[in-house]
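*Asks:* Pasting a structure below so you can have a look.
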Amino acid sequence: MIISGKELSAKLKAEMAEQVATFPARYGRVPHLVVILVGDDPGSVSYVKGKAKASEEVGIRNTTIRRPDTISEEELLGMIAELNADDGVDGILVQLPLPKHIDEDKVIAAIDKSKDVDGFHPLNVAALWQKQPCTLPCTPKGIIKMLKSAGVVLQGSEAVVIGRSNIVGLPVSKLLLDENATVTMTHSRTKNLGEVTRRADILVVAIGRPKFVTADMVKDGAVVIDVGVNRDPETGKLCGDVDFAAIEPKASVITPVPGGVGPMTICCLMENTIECFLHRVKQA
Ligand code: NAP
């Protein structure tokens, strides 16, 4: 079974659009997401366009602010302070990566926690690890939704995650743990990686290396979630971290690249924006 993130996200976005359509009558306005794009990295430009398109589909107001990569850290922090103070803004997203002269951690921490639609603010991260209410990071949240939509049993399953980044590997491991999976986290220093991954009922791969996971690393019938977004060095086309053609016949469930985790990440960003909006309007 191939889980289409494209189809699942289309269904969820249509449901969100119906919900958002009721907001002007109930709350006097729709959610407002502000995306800040620094520089003109083609990958970042394309991600930001995708976020604006999804916002339009769902009925969320989207403002994209573009600044050259010469912007100073002080200027960027000043913009964030203004957006934090603006009652008409519900979500603030600074597209990463930022130019080297800007401290990303400082920028993320400057965003008001209640408008942190990416779920990267240290207080949101702490809340996730303490099982407190929080905004969940979009990619891990989307992965759990995909697994559940496919009816994958998480409780008691052996889950192996490759990669331990703050945005994918670490939080998805925590979410799987919260679903009562038995989680093993692996990384570039893991010895005998294949031995570990072959144990996995559920294998989540977030490394950033084209087709790194080969068929011999995967158990028959495993569920394989491919987070990677890479260019295939041979064809130049988008590909994941998993050798899809070789693993698909062996896996019980697998996600494609493109059209898998990527669309679900954007879908969860829309959901987070609505959640932040509702939290704010209900408090007002
Ligand atoms: P990252 O911050 O670069 O982290 C990569 C992780 O992979 C690190 O923990 C690293 O281990 C591990 N790793 C690297 N080489 C390895 C190896 N040979 N064996 C085992 N582990 C290895 O990457 P990221 O931000 O998590 O992103 C990973 C991939 O997912 C990228 O392709 C990115 O574009 C993609 N991504 C996709 C989405 C989406 O929505 N589809 C969202 C986010 C990211 P160490 O910690 O030991 O260095």
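Each value in this text was obtained by applying a stated rule to the coordinates, not by laboratory testing. All of these numbers come straight from a predicted model, not from anything done at the bench. Every residue, glycine as well, gets a Cβ built from its backbone with ideal geometry; the counts of neighbours run over all protein chains shown.
*Asks:* Counting other beta carbons within 10 Å of each residue's own, what order do Thr197, Thr63 fall into, fewest first? Please list the in-between numbers first.
*Replies:* Working: Thr197 24, Thr63 14.
With the fewest neighbours first, Thr197, Thr63 line up as Thr63, Thr197.
*Asks:* Further question on the same structure: Assuming a viscosity of 1.567 mPa s and a temperature of 4 °C, what translational diffusion coefficient in µm² per second does Stokes-Einstein assign to region 83-138, Rh being the Kirkwood radius over Cα pairs?
*Replies:* Numbers: Rh = 11.8 Å.
Rounded, D is 110 µm²/s.
*Asks:* Rounded to whole Å and sorted largest first, list the principal axis extents of the Cα atoms in region 172-235.
*Replies:* The Cα atoms of region 172-235 stretch 40, 26, 22 Å along their principal axes.
*Asks:* Follow-up question, since we're still on this one. Using 0.36 nm per residue, how much length does the chain from Lys11 to Arg199 gain when fully extended, once their Cα-Cα distance is taken away? All intermediate terms of the calculation are to be shown ahead of the outcome.
*Replies:* Working: separation 188, 0.36 × 188 = 67.68 nm, distance 3.31 nm.
The span from Lys11 to Arg199 would gain 64.4 nm if fully extended.
*Asks:* Evaluated at 37 °C with a viscosity of 0.692 mPa s, what Stokes-Einstein diffusion coefficient in µm²/s does the chain have when Rh comes from the Kirkwood expression over alpha-carbon pairs?
*Replies:* Working: Rh = 19.6 Å.
The calculation lands on 167 µm²/s.
*Asks:* Another question about this same structure. What percentages make up the Cα-Cα pair-distance distribution of region 1-69 when the bins are 10 Å wide from 0?
*Replies:* 19, 39, 29, 13, 1
*Asks:* Roughly what angle does helix 169-178 make with the longest principal axis of the chain, taking Cα atoms, 0 to 90 degrees, to the nearest 10?
*Replies:* Taking Cα atoms only, the helix is inclined about 80 degrees.
*Asks:* Here's another thing I want to ask about it. For the chain, just give the cysteines left without a disulfide-compatible partner, judged by no other Cys Cβ under 4.7 Å.
*Replies:* Cys134, Cys239, Cys267, Cys276
*Asks:* If I model a spin label at Val153 and Ala126 as a point 7 Å from the Cα along the Cα→Cβ vector, what separation in nanometres do I get?
*Replies:* With each label placed 7 Å out from Cα toward Cβ, I get 3.9 nm.
*Asks:* So between Lys106 and Ser46, what do we pick up on full extension, going 0.36 nm a residue minus the alpha carbon distance? Before the final figure, lay out each step's value.
*Replies:* On the way: separation 60, 0.36 × 60 = 21.60 nm, distance 2.45 nm.
Here the segment from Lys106 to Ser46 would lengthen by 19.1 nm.
*Asks:* If you plug each phi of region 196-204 into the Karplus form 6.51 cos²θ - 1.76 cosθ + 1.60 with θ = phi - 60°, what whole-Hz ³J(HN,Hα) values come out, in order, with x for Gly and Pro?
*Replies:* 3J(HN,Hα) across region 196-204, in whole Hz: 6, 5, 5, 7, 6, 6, 10, 10, 10.
*Asks:* Can I ask one more? Rounded to two decimals, what ratio of Rg to Rh does region 198-284 give with C-alpha atoms and a Kirkwood Rh? Spell out each step's value before the answer.
*Replies:* On the way: Rg = 16.6 Å, Rh = 14.3 Å.
Rounded to two decimals, Rg over Rh is 1.16.
*Asks:* Going down the list Lys13/Lys148; Lys13/Lys53; Lys11/Lys282; Lys13/Lys145; Lys13/Lys250, which pairs span over 20 Å between their C-alpha atoms? Please list the in-between numbers first.
*Replies:* Details: Lys13/Lys148 17 Å; Lys13/Lys53 11 Å; Lys11/Lys282 26 Å; Lys13/Lys145 13 Å; Lys13/Lys250 31 Å.
Pairs exceeding 20 Å: Lys11/Lys282; Lys13/Lys250.
*Asks:* Under a 10 Å cutoff between Cα atoms, tell me which one of Gly39, Gly91, Gly228 has the largest fluctuation in the Gaussian network model of the chain.
*Replies:* Taking springs between Cα atoms under 10 Å, the residue moving most is Gly39.
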